[in-house]
Every structure is written in structure tokens, then in C-alpha cells.
Amino acid sequence: MLHKKRKLLKNQEGLTLIELLAVIVILGIIAAIAIPAIGNVIKNSRFNAIKSDAIQVISAAKLYVSENGVKSQLSYNDLKSYIDDQDSKLNTSHKANPQFSVSVSTNNSDGKTVYKFTGYGADGDVKIRFNNADLKTINAAKRSNIKPGDDGVYTIGK
């Protein structure tokens, strides 16, 4: 019995250096493919977080108008009680006094109220400038379809 175990142990072989090197090369190739893809996912999620905050501001403007009546221009001070801005990505450089607004107008053709957001948002290295962007434009915006400007800022709206 002991003789068989010794013979079994002698026949076992470890990995050769070439096999180990092949595994390391394969892992390196996988990492080279996966890391940029993960970086893209992170940037897209930051882009969508900023868009979400802009949509929240438009929703707050709708609540304000339903409670207080139509006002042509709504500022942060008008909307601050309607906005949950604890983790807001809008105007991160102006936390004490965010500089954004929502213009409110009535569409003459169908009588609907139109809300257009103007402001700036940043999350990490992703920055978005909103220029009179309505809800439809903000929802349709995708980072892959918009090229950032020379200053690295994406622009949504006209």
C-alpha cells in the first residue's frame, strides 16, 4: 500500500513554466479587453446620473407650477423645497447657490406647458451643459451619440 502511494506521488508533475506563462498571457488579454469596457460603463452611469438630476429638476418645476401657478422662469430658490439635492450632480461647484433654471412656457399649438432646463452638472470626469433642454431631449441623449466640446463638456439642448 505504501509502495503504491509513493509511486503515485512520483508520477505527479507540476505546471511547466510555459504553461504558467500561457495562463498569464491569456489573463492579460482578457484584462486588456475588460478594463476599457468597465471604464465605459462607469462613464455612462455618471452621464445618466447627471441626466437624472436634470429630470428631477423638471419634475420639481411641474410640482411647483401645479401648486403655485405658472411662472415663466423658475430658479433653484423657487424649486429647492421640491428637490432632493443631497447627492445632486448639478452645479457641484456652486453647492451653496446652484445656478440653474427652468423656463416654463405654453405651447401654442396644443396648449401644453413646456419645461426647458438650463444648467450644468458634473460627476467625476463627466460634465454636461444643458441649454434649454426639454424632457424629451434629455431622455433621448446618450453619451455615445454626443461628442464633448473642446472643454470636455457634453452639451444637451440647443
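With the simple spin-label model, which puts each label point 7 Å out from Cα in the Cβ direction, the Asn131 to Leu20 separation comes to 5.9 nm. Note on mean projected area of the Cα convex hull in nm²: of the candidates (i) 11.6; (ii) 10.4; (iii) 18.1, the value calculated from this structure sits at (iii).
Between the beta carbons of Ile35 and Ser144, assuming R0 = 25 Å, the FRET efficiency works out to 0.85 to the nearest 0.05. If r is the Cβ-Cβ distance from Lys80 to Val153 and R0 is 25 Å, what FRET efficiency results, to the nearest 0.05? Efficiency for this residue pair is about 0.50. Give me the angle, in degrees from 0 to 90, between the Cα long axis of helix 2-11 and the longest principal axis of the Cα atoms of the chain, rounded to the nearest 10. In the chain, helix 2-11 runs at an angle near 60 degrees to the longest axis. Helix 17-68 versus the longest principal axis of the chain: what angle, 0 to 90°, nearest 10, using Cα atoms? That works out to roughly 20 degrees. Quick one: grab the alpha carbon gyration tensor of region 96-158, order the square roots of its eigenvalues as a ≥ b ≥ c, and give me rounded if a/c is under 1.5, else prolate or oblate depending on whether a/b is larger than b/c. Here region 96-158 falls in the oblate category. Of the listed pairs Lys51/Lys71; Lys62/Lys142; Lys43/Lys158; Lys43/Lys112, which have alpha-carbon separations greater than 30 Å here? Flagged as over cut-off: Lys43/Lys112. The slack in the chain from Lys4 to Asp110, taken as 0.36 nm per residue of separation less the alpha-carbon distance, amounts to 29.1 nm.
In loop segments of region 36-67 as defined by DSSP, there are no trypsin sites (Lys or Arg not before Pro) with at most 16 further C-beta atoms inside 10 Å of their C-beta.
Any read-out appearing in this document is the output of simple, stated calculations on the displayed coordinates, not a laboratory observation. None of these values were measured; they are calculated from a predicted model. Because the Cβ atoms are built from the backbone with ideal geometry, glycine has one as well, and the counts that use them run over all protein chains shown.
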